[in-house]
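Comments concern the structure below.
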Amino acid sequence: QVQLVESGGGLVQPGGSLRLSCAASGTFFSINAMGWYRQAPGKERELVAIIITGGSPHYADSVKGRFTISRDNAKNTVYLQMNSLKPEDTAVYYCNANIQANRKLALWGQGTLVTVAS
C-alpha cells in the first residue's frame, strides 16, 4: 500500500537547473532515510544523494557542490535540486526510501528521465 511517486524530469541545456520530487503515500510510521539513484544508458545504477533522519546528507563525488537533497517531513517528500547540469548527468533518476510501517520496507519510485543536451 506504500508507494513512491516521482516527478520533475525533462530536457535541459548544459549549465541549467532542474528540481526532482518524490512523495511517499500510504500507511507508515516513519521514514528512516530517502535518497536518489540514477542509471545512465549502458551503465549500472549509482547512488547520487541520500539523507538520513538525524544525520547529514551524503553526495556522490560527481555531484557534490552542484546537487542538493532536502526533505519536507510534513509532506513526506524528498527533493533533489540539480544545478550546473552536465551532459554526463543524463540518466533515469530513481527515488529510494527506507520506511517503517508494520515492518521495515525498502521502496523505489518509478523513475524519471533527465536529459542534459544543447
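The values are calculated or read from the model by the stated rules, or taken from the named source; none is laboratory data. Since this is a predicted model, take the numbers as computed values, not measurements. No Cβ is skipped: glycine too gets one built from the backbone with ideal geometry, and neighbour counts run over all protein chains shown. Accessible surface is based on the protein model in full, side chains and every heavy atom, while ligands, DNA and RNA are left aside. Shrake-Rupley method; radii C 1.70, N 1.55, O 1.52, S 1.80 Å.
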Which count do you get for residues in segment 53-89 that are assigned to a loop (DSSP other than H, G, I, E, B) and either without any contact (Cβ under 8 Å) to a residue 60 or more places away in the chain or of a type in the set (Gly, Ala, Ser) (or both)?
14
Index of the failed condition, SER30 passing every other in (1) loosely packed, with under 12 Cβ neighbours inside 10 Å; (2) touching a strand residue (DSSP E or B) at 6+ places or on another chain (Cβ under 6 Å); (3) without any contact (Cβ under 8 Å) to a residue 40 or more places away in the chain
(3)
Taking only pairs six or more apart or across chains, which ones have beta-carbon atoms under 9 Å, a first residue in segment 105-117 that is assigned to a strand (DSSP E or B), and a second residue that is among the acidic types (Asp, Glu) and surrounded by fewer than 19 Cβ atoms within 10 Å (Cβ to Cβ)?
VAL116/GLU88
Given the criteria open to solvent by 40 Å² or more (accessible area, probe 1.4 Å), under 10 Å from the mean Cα position of the chain (by Cα), of a type outside the set (Asp, Glu) and under 28 Å from ALA117 (Cβ atoms), does TYR94 qualify?
yes
Could you say whether any residue in segment 53-64 is open to solvent by less than 50 Å² (accessible area, probe 1.4 Å), among the small types (Gly, Ala, Ser) and under 12 Å from the mean Cα position of the chain (by Cα)?
no
